[in-house]
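Undergrad: To start, I am sharing the structure in question, which I have written as structure tokens.
The values are calculated or read from the model by the stated rules, or taken from the named source; none is laboratory data. Only a predicted model underlies this, so the values are computations on that prediction, with no experimental measurement involved. Methodologically, a virtual Cβ is constructed for each residue, glycine included, from the backbone with ideal geometry; neighbour enumeration extends over all protein chains shown.
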Amino acid sequence: MKLKPGSWPIFFIIYNLLFTIFAGCKPAKPPEAKQQIIGVSYQNLAFPYVAALQKAAQNQAKELGVKLIETDAANDTGKELENVERMLGQKVDCLAFEAASLDASVASIEAANRAHIPVVQFNGKANGGDYVTFVGSNQIESGQLLGSWLADFFSKSGKAKLRGIYLRGMPGQITDIARNDGFKDKLKEKGIAEKIELTEQYADYDRAKGQSVTESILSKDKNYDFIVANNDDMILGALSAVNQFGLSGKISLVGVDGLPETLDAIKSGSIAATVFQNPEGQGAGGIEACVKHLKGEQMPKEILIPFELVTKENVDKFIAIAKRVYVK
């Protein structure tokens, strides 16, 4: 373009004006992505294993950059439903749900279904409602491992029959039913069910009750070969009772969960074994499954975390895991 004489000042004024305007215009920032919110319903945080699940879930949420809204059902399915409905009202993007009951907890899942909020079940699995996936362990397997341990103990005892105490959790509770079924089915499978005499009583998964129930039984009859419990809190209570009656080393004790105190007791020899269930695999896995689903990833209907039998020979491996998630 050929400029006429005298037009230069006007050209530079226009040029400088346009340069100033465009230099001051920065590209608009894309809107920040909304932080995903995951509602988490725990079965009962009074249980050390469930508290470890929570720690694992919190660690994973921090790593993935998601927000958690957490509630505790305290084994009350009415409270569980109220908690879930409250979280749904807070517009959570996904519900990570640890069922307190096989059947009654279905109401909470169905509430999420009606609100079109996806559900990931973890650890405790309810029998109904629509859900994306279940991240957890097959609780029957834990009972089967208890039965396998007892079958091995029986074969090494050299006795024609064994007498034992079996501490159950809570009547009708989801995990207790599965562990009981697995335990007794394994004894039948091994052909020793008739050779095992069980004194069976509920102790509510509670350490103090595990101790008091065991004390009551041993005060009437001390002639027992073993004590099996459906969680480690009860077996730790039973250990206190055994020590109180001077029966340490005479009665073998086995639990389920892999609590740090139990692992230490296995290392020292005061407890024979436990069945380890992995709180990292289940707690962190439940949060990860929610995030993957929200990203559009296809999930299998079950993500199973295997149980493992812990004895003195392999206990160090499990102590390392427990230190990461069990809060003192």
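Undergrad: Would you be able to say whether some residue in segment 223-237 is part of a helix (DSSP H, G or I), surrounded by fewer than 24 Cβ atoms within 10 Å (Cβ to Cβ) and among the charged types (D, E, K, R)?
TA: No: zero hits.
Undergrad: Outside the structural domain of Asp76 (by TED's automatic domain parsing) and touching a strand residue (DSSP E or B) at 6+ places or on another chain (Cβ under 8 Å): which single residue out of Glu200, Glu194, Glu189, Glu98 fits that description?
TA: On the way: Glu194 fails: touching a strand residue (DSSP E or B) at 6+ places or on another chain (Cβ under 8 Å); Glu189 fails: touching a strand residue (DSSP E or B) at 6+ places or on another chain (Cβ under 8 Å); Glu98 fails: outside the structural domain of Asp76 (by TED's automatic domain parsing).
Step by step, each of Glu200, Glu194, Glu189, Glu98 is checked, and only Glu200 is outside the structural domain of Asp76 (by TED's automatic domain parsing) and touching a strand residue (DSSP E or B) at 6+ places or on another chain (Cβ under 8 Å).
Okay, residues lined up against (1) closer than 23 Å to Pro306 by Cβ; (2) more than 20 Å from the chain's Cα centre (by Cα):
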residue	(1), (2)
Asp176	yes, no
Asp204	no, no
Gly210	no, yes
Asn223	no, yes
Asp232	yes, no
Val242	no, yes
Gly258	yes, no
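Undergrad: Return yes when Glu261 is modelled with pLDDT of 95 or more, surrounded by 14 or more Cβ atoms within 10 Å (Cβ to Cβ), among the acidic types (Asp, Glu) and assigned by TED's automatic domain parsing to the domain that holds Leu64 and no when it is not.
TA: On the way: modelled with pLDDT of 95 or more: yes; surrounded by 14 or more Cβ atoms within 10 Å (Cβ to Cβ): yes; among the acidic types (Asp, Glu): yes; assigned by TED's automatic domain parsing to the domain that holds Leu64: no.
Answer is no for this residue.
Undergrad: So, in segment 222-272, exactly how many residues are of a type outside the set (Asp, Glu) and at positive phi? Full working, then the answer.
TA: Step one: of segment 222-272, the residues of a type outside the set (Asp, Glu) are 222-224, 226-231, 234-256, 258-260, 262-263, 265-272.
This time we only want the ones that are at positive phi, so: 246, 249, 258, 269.
The total comes to 4.
Undergrad: Taking segment 288-313 only, how many residues are farther than 30 Å from Val254 by Cα and either in a loop (DSSP other than H, G, I, E, B) or aliphatic (A, V, I, L, M) (or both)? Spell out how you get there, then give the answer.
TA: As a first pass, look at segment 288-313 and keep what is farther than 30 Å from Val254 by Cα: 288-301.
Now drop any that are not either in a loop (DSSP other than H, G, I, E, B) or aliphatic (A, V, I, L, M) (or both), which leaves 289, 291, 294-301.
Selection size over segment 288-313: 10.
Undergrad: How many residues does segment 142-172 contain that are within 30 Å of Thr77 (Cβ to Cβ), buried (at least 17 other Cβ atoms within 10 Å of the Cβ) and of a type outside the set (Phe, Trp, Tyr)?
TA: So in segment 142-172, the residues within 30 Å of Thr77 (Cβ to Cβ) come out as 142-147, 165-172.
So of that shortlist, the ones also buried (at least 17 other Cβ atoms within 10 Å of the Cβ) come out as 142-147, 165-170.
If we keep only those that are of a type outside the set (Phe, Trp, Tyr) too, we end up with 142-147, 165, 167-170.
Summing the residues that are within 30 Å of Thr77 (Cβ to Cβ), buried (at least 17 other Cβ atoms within 10 Å of the Cβ) and of a type outside the set (Phe, Trp, Tyr) in segment 142-172 gives 11.
Undergrad: Scan Lys186, Lys250, Lys220 and give me the residue that is in contact (Cβ under 8 Å) with a residue 24 or more places away in the chain and not hydroxyl-bearing (Ser, Thr, Tyr).
TA: Working: Lys250 fails: in contact (Cβ under 8 Å) with a residue 24 or more places away in the chain; Lys220 fails: in contact (Cβ under 8 Å) with a residue 24 or more places away in the chain.
The conditions single out Lys186.
Undergrad: Still on this model: From the list Glu200, Glu280, Glu215, Glu288, exactly one residue is under 28 Å from Ser41 (Cα atoms), surrounded by fewer than 23 Cβ atoms within 10 Å (Cβ to Cβ) and modelled with pLDDT of 95 or more. Which is it? Walk me through how you get there before you give the answer.
TA: On the way: Glu200 fails: under 28 Å from Ser41 (Cα atoms); Glu280 fails: modelled with pLDDT of 95 or more; Glu215 fails: under 28 Å from Ser41 (Cα atoms).
After applying the criteria, what remains is Glu288.
Undergrad: Restricting to segment 129-150, count the residues that are of a type outside the set (Phe, Trp, Tyr) and not in a helix (DSSP H, G or I). Give the steps one after another, and end with the answer.
TA: Of the residues in segment 129-150, the ones of a type outside the set (Phe, Trp, Tyr) are 129-130, 132-133, 135-148, 150.
Now narrow it down to the ones that are not in a helix (DSSP H, G or I): 129-130, 132-133, 135-138.
Total meeting the criteria: 8.
Undergrad: From the residues in segment 247-256 that are crowded, with 24+ Cβ neighbours inside 10 Å and not small (Gly, Ala, Ser), which one is farthest from Glu308 (Cα to Cα)?
TA: Taking segment 247-256 and keeping what is crowded, with 24+ Cβ neighbours inside 10 Å, we get 253-256.
Going one step further and asking which of them are not small (Gly, Ala, Ser), we end up with 253-254, 256.
Numbers: Leu253: 17, Val254: 13, Val256: 10 Å.
Filtering first and then ranking leaves Leu253.
Undergrad: Does Lys267 satisfy the criteria of being within 15 Å of Leu309 (Cα to Cα) and surrounded by fewer than 22 Cβ atoms within 10 Å (Cβ to Cβ)? Step through it out loud before you land on a result.
TA: Values: within 15 Å of Leu309 (Cα to Cα): yes; surrounded by fewer than 22 Cβ atoms within 10 Å (Cβ to Cβ): yes.
Here the answer is yes, as Lys267 does meet what is asked.
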